[in-house]
Every structure is written in structure tokens, then in C-alpha cells.
Amino acid sequence: MAIRAVSRSKQVGGSFVELLVSCLIGVMAIGVVGSIYITGQKLAIERAKTLLLAQNISSVLQQLKEDVQRAGFDGLGSSSLLLSGAQRSIHLQPSSNSLGYVYRVASAGNHAFRSVVYKREASPVSTQGDMLKVCEKHSPLPLTVSAASLSGSGGYCFNLFDPKQISISRFEAEAKLVSGNSASSQWVSVFVVGHLLLDPSVEYQTRIELIQRNWQ
């Protein structure tokens, strides 16, 4: 009887050890699966943030590209239009952080010409991101560069992004002269860098290049 009791005790002890080992393996497996799930969720959130930023910046640059190609269009004369005081149809400030142009939208009247300026401005408050603004104005004659760059009569300037979400850290434009036999144009490159205001580690940068359609 004593031998049977000892044998049963050993069996119970062995089963208990096996149960503990099984539980430990199960806990480890759950931990590994949980860790993989959490890592996957973090990666998915980061990808979603990057996609949001990329889509916003890319759509704005596509809008800019399509509109800049109208720069200088007149329709009534043989030469390209210029902002008053500008040397080329696509005017770049010396600091390269703004780009402006004008084109005709009507044959005559107070809204015959549309002046456009894209410019980067630093935010005056830390709770909002740096801005990429567009100034749009209509007038009976082409405006000066300074007049086209300010809100006021004829139109206003507004931020192209939600300043509580996106901050534009760089907006740089370069232009190269492209000459033909009797006319010249500009090859323009625009570079933009932006990041999420609440998560600066999520950054997106892109560049577009275009050639002015309306040769001078």
C-alpha cells in the first residue's frame, strides 16, 4: 500500500509539473502573439499618419502644378503676361520661399486678370504649424508682386493645410531659363517638406517639376 501511495504521489507531482510547463508555454505564446499584434498596430498607425500627410501635400502640389502652367496666359496678345515689376512670367522671390504669376481669365472688366502667389510663412504661435499660403486676387490690370502677395482688395490669402495638423518646414522654388529660336520659357522645380504637428517624426517631402506653357 505504501508503494502504491508513493507511485500515485509521483504521478500527481509529475502531472502538476507538466501543467505548470504547459501554462508557462501558453503564457509565453500569448505574450509573443500580443507583442506581434501591438507592433503591427503601431506600424499601421504610422503608415496611416504618413499616408495622410503624403496625400495632403501631394494634392496641394498637383493643384499648384496645374495652375502654374497657366502663368503668363493672355489670349489677346502675342506676349506672356507678367506681374507688374517682375522679370519673368513665373516670379520667384530672392529667398525662393514664394512663387507668383498672373494670367488672363476674361477679355475685360474688373476681374480680367488673376494673380496668384504661393508663399511659406512661419506660424506666430507654437500651437500651430508653419503655413503654405496661396494668395488669389482678381483685378482689371496685372498687380505688382507685393500687392498680389497680400490679403485685401480683390482677394485673400489662406493656408492650404490645417495648421493644427500639418506644418510646412520648407517650400523652395527654383527656375531655369529655357530658350528657343525666338522665345523663352522657364523650367520650374518646387520642393516641399512637411510634418505632422503633433508627431514631427512623421515627415514627408516631395518635388514637382514643370515647364511654363506660355513662352515669352
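The values are calculated or read from the model by the stated rules, or taken from the named source; none is laboratory data. Note that the structure is predicted; figures quoted are calculated from it, not measured. Every residue, glycine as well, gets a Cβ built from its backbone with ideal geometry; the counts of neighbours run over all protein chains shown.
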Looking at (1) outside any strand (DSSP E or B); (2) touching a Lys or Arg at 6+ places or on another chain (Cβ under 8 Å); (3) among the aliphatic types (A, V, I, L, M), can you tell me which one ALA175 breaks?
-> (1)
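Quickly run through the range 188-211 and pick out the residues that are closer than 30 Å to SER78 by Cβ and surrounded by 14 or more Cβ atoms within 10 Å (Cβ to Cβ). Break it down stepwise before answering.
First, the residues of the range 188-211 that are closer than 30 Å to SER78 by Cβ: 188-190, 208-211.
Once the filter is applied, which keeps residues that are closer than 30 Å to SER78 by Cβ and surrounded by 14 or more Cβ atoms within 10 Å (Cβ to Cβ), the range 188-211 yields VAL188, VAL190, ILE208, LEU210.
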Are any of the residues in the range 157-168 under 21 Å from the mean Cα position of the chain (by Cα), over 16 Å from TYR101 (Cβ atoms) and without any contact (Cβ under 8 Å) to a residue 12 or more places away in the chain?
-> yes
Please specify each residue of the range 140-168 satisfying the condition of being crowded, with 19+ Cβ neighbours inside 10 Å, in contact with a Gly (Cβ under 6 Å, 6 or more places away or on another chain) and assigned to a strand (DSSP E or B).
-> ILE166, SER167, ILE168
Residue count, the range 18-55, condition at pLDDT below 70 and over 31 Å from the mean Cα position of the chain (by Cα), comes to 1
Extreme residue, surrounded by the fewest Cβ atoms within 10 Å (Cβ to Cβ), among residues of the range 56-80 that are part of a helix (DSSP H, G or I) and over 12 Å from the mean Cα position of the chain (by Cα) = GLU66
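Return the residues of the range 64-92 that are touching a residue at least 24 places away in the same chain (Cβ under 8 Å) and more than 17 Å from LYS137 (Cβ to Cβ); say none if nothing qualifies. Give the steps one after another, and end with the answer.
Taking the range 64-92 as the starting set, the residues that turn out to be touching a residue at least 24 places away in the same chain (Cβ under 8 Å) are 64-65, 67-76, 79-86, 88-92.
Of everything in the range 64-92, those that are touching a residue at least 24 places away in the same chain (Cβ under 8 Å) and more than 17 Å from LYS137 (Cβ to Cβ) turn out to be LYS65, GLN69, ASP74, GLY75, LEU76, SER79, SER80, ARG88, LEU92.
Farther than 26 Å from ALA183 by Cα, in a strand (DSSP E or B) and at pLDDT 95 or above: is that true of VAL116 in this structure?
Details: farther than 26 Å from ALA183 by Cα: no; in a strand (DSSP E or B): yes; at pLDDT 95 or above: yes.
Judged against the criteria, VAL116 is not a match.
For the range 81-112, name all the residues that are outside any loop (DSSP other than H, G, I, E, B) and under 17 Å from GLN69 (Cα atoms).
Let us first name the residues in the range 81-112 that are outside any loop (DSSP other than H, G, I, E, B), namely 84, 91-92, 98-104.
If the condition is that a residue be outside any loop (DSSP other than H, G, I, E, B) and under 17 Å from GLN69 (Cα atoms), then HIS91, LEU92, SER98, LEU99, GLY100, TYR101, VAL102, TYR103, ARG104 are the ones that fit.
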